[in-house]
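For reference, the structure is listed below as structure tokens.
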Amino acid sequence: MATGRTDPERRDRIIDAALDLIVDEGVAGVSHRKVAARAGVPLGSMTYHFSGMDELLHQAFTRFSGTIVAVFEERLGAANTPDEAREAVADLVHHLSGGNQRELILTHELYTLAARRPAYRELTRTWMGRSRRALEWHFDPATARQLDALIEGLSIHRALETEPHGRALTVEAIARITATAPTRAPAPAGSSTRSGRTPEPGPHRSAAD
């Protein structure tokens with residue numbers, strides 16, 4: 001049997017198994033034994049790769065939040081005009097609420113942990129910060145903060161509603177927030193502002209430009 005030293009993918013499998021178990025049973029149902037069984041690894045691998053359950057959960061939720069941020073960066077990074085940026089925001093709302101129960105459950109499990117434990121609150125703060133930086137490729141910081149909250153709120157409402165609202169309502173809400181807000185000039189393709197780093201201060205223009 002391969003050991004942890006000769007099985008470089010074992011740590012990743014454990015993290016993936018932990019996320020799957022959280023979806024099925026919630027954080028309260030996660031144990032070293034259950035994760036090891038689902039990952040198909042010896043129980044000793046758990047303590048070999050992670051100092052304890054807290055580290056495993058933190059790494060698992062870090063991976064999950066990173067996948068959501070990657071969606072933000074991909075969609076907002078492809079926008080080149082204010083109108084395209086607004087469409088990208090609407091796309092995010094409907095993508096995040098499009099019936100993916102896994103993402104919805106993991107998000108709420110993380111929020112519950114963050115509400116109780118400061119270490120996880122730091123993780124959600126980092127997640128929100130990265131999402132806002134992606135929005136700041138196109139909008140001023142205050143507007144980016146409002147849009148970030150709008151994306152989260154509307155996507156959760158759509159995901160939990162028995163009759164989710166349509167795209168027209170989403171587009172109208174985005175238009176109201178951005179109607180008079182300054183937007184950033186589009187960054188050149190491949191620039192540092194489109195690789196997850198904080199954008200440099202740049203020229204602004206009105207949403208009507």
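The values are calculated or read from the model by the stated rules, or taken from the named source; none is laboratory data. Because the structure is predicted, anything quoted here is derived from the model rather than measured. Here the Cβ is made from the backbone with ideal geometry for all residues, glycine too, and neighbour counts use every protein chain on show. Each accessible area value is taken on the protein alone, full model and side chains, heavy atoms only, with ligands, DNA and RNA left out. Shrake-Rupley method; radii C 1.70, N 1.55, O 1.52, S 1.80 Å.
Remarks
- A crude spin-label estimate for the pair Thr47 and Arg117, with each label 7 Å from Cα along the Cβ direction, gives 1.9 nm.
- For the set Asp148, Asp12, the ranking by accessible area, highest first and with no ligand, DNA or RNA atoms included, is Asp12, Asp148 under a 1.4 Å probe.
- Computed over the range 23-172, the ratio Rg/Rh where both radii use C-alpha atoms and Rh is Kirkwood: 1.03
- Electrostatic bookkeeping for Glu25 treats Lys and Arg as +1 and Asp and Glu as -1; over the other residues with beta carbon under 12 Å from its beta carbon, the sum is -1.
- Placed amide H near Phe139: partners under 5 Å, 5+ positions off or other chain: Arg184
- With K and R counted +1 and D and E -1, the other residues having a Cβ less than 11 Å from that of Gly66 yield a net charge of +1.
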